Amino acid sequence: MTRIHIKICGITDAGGAAAAAEAGADSVGFVFAPSLRQITPQEATRLAVRLPEGIDRVAVFFRPTVTEITQALGVFEAEIVQADHGYLHDLDGKRVLAVFRESEGVHAELDAYVGGTTDRRFVYEGPRSGVGRTVDWARAFGVARRGQVTLAGGLDPDNVGEAIRTVCPFGVDVSSGVESKPGVKDPGRIRAFVEAVREAEKGLVGT
């Protein structure tokens, strides 16, 4: 059975971190870019110590400078660094998660990035992060054939199953879709999201 990687992004408090871990998330994202969910590397470090081994800590940037990445990673120990493609500077071996945004030219951008392989991980989402807008899933299906895509944008417990069945992604990424109000994660919605993903993946054949 195909297992979908689940990332809960925009964690801002201990309750959200605990809920993500208890629900069975694979990755947890801490946002260092300007956002309702932005926290400091120091705050992220305090929250990350509550996470068990095996859950990836993801440092999420938008379009960072080398200095911004270096300063943040000097405080926060991330397993993965996420940022828009083209802004992932020298990271001394850190795993990276490049973000590609929905556009007419995204296939050409991806072809240049993946270099003919299908094992590179990346995020595919809309023009703006964290605003709860879905991408065109039919187009995303084609994107997902180019590598290990984590689908983001407007996902929630009610639609993630359909998204998985349509796109067949490597993973899914949720933020606003599991919140009780902007920036505050809802444990019940996190559990429902993870349960919906696990139910949907039962019908997938290895892709």
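Tell me yes or no: at least one residue of region 174-185 is under 16 Å from the mean Cα position of the chain (by Cα), closer than 20 Å to Phe61 by Cα, part of a loop (DSSP other than H, G, I, E, B) and modelled with pLDDT of 95 or more. Within region 174-185, one or more residues are under 16 Å from the mean Cα position of the chain (by Cα), closer than 20 Å to Phe61 by Cα, part of a loop (DSSP other than H, G, I, E, B) and modelled with pLDDT of 95 or more. Being in contact with a strand residue (DSSP E or B) (Cβ under 9 Å, 6 or more places away or on another chain) and not in a helix (DSSP H, G or I) is a property that does not hold for Val143. Looking across region 8-22, the residues that are surrounded by fewer than 21 Cβ atoms within 10 Å (Cβ to Cβ) and either among the β-branched types (Val, Ile, Thr) or assigned to a helix (DSSP H, G or I) (or both) come down to Ala14, Gly15, Ala18, Ala21, Glu22.
The single residue among Val194, Val167 that is over 18 Å from Ala18 (Cβ atoms), touching a residue at least 24 places away in the same chain (Cβ under 8 Å) and aliphatic (A, V, I, L, M) turns out to be Val167.
Yes or no: Phe76 touching a His at 6+ places or on another chain (Cβ under 8 Å), surrounded by 16 or more Cβ atoms within 10 Å (Cβ to Cβ) and either closer than 17 Å to Gly10 by Cα or in contact (Cβ under 8 Å) with a residue 40 or more places away in the chain (or both)? Here the answer is no, as Phe76 does not meet what is asked. Residue selection: Gly188 satisfies the criterion of being in contact with a helix residue (DSSP H, G or I) (Cβ under 9 Å, 6 or more places away or on another chain), in a helix (DSSP H, G or I) and either in contact (Cβ under 8 Å) with a residue 40 or more places away in the chain or within 17 Å of Ala21 (Cβ to Cβ) (or both).
Would you say Leu36 is outside any strand (DSSP E or B), under 28 Å from Gly132 (Cβ atoms), out of contact with any Phe, Trp or Tyr (no Cβ under 9 Å at 6 or more places or on another chain) and hydrophobic (A, V, I, L, M, F, W, C)?
On the way: outside any strand (DSSP E or B): yes; under 28 Å from Gly132 (Cβ atoms): yes; out of contact with any Phe, Trp or Tyr (no Cβ under 9 Å at 6 or more places or on another chain): yes; hydrophobic (A, V, I, L, M, F, W, C): yes.
Yes.
If you check Val81, Val60 for being in contact with a Cys (Cβ under 7 Å, 6 or more places away or on another chain), within 19 Å of Phe170 (Cβ to Cβ), hydrophobic (A, V, I, L, M, F, W, C) and at pLDDT 95 or above, only one passes: Val60. Within region 80-112, the set of residues being part of a loop (DSSP other than H, G, I, E, B) and either under 16 Å from Val149 (Cβ atoms) or aromatic (Phe, Trp, Tyr) (or both) comprises His85, Tyr87, Glu102, Ser103. Of the set (1) under 20 Å from Gly154 (Cβ atoms); (2) within 12 Å of the chain's Cα centre (by Cα), all apply to Phe30 but (1).
The values are calculated or read from the model by the stated rules, or taken from the named source; none is laboratory data. Keep in mind it's a predicted model, so treat the numbers as computed, not measured. Counting neighbours? That spans all protein chains shown, and the Cβs are built from the backbone with ideal geometry, glycine included.
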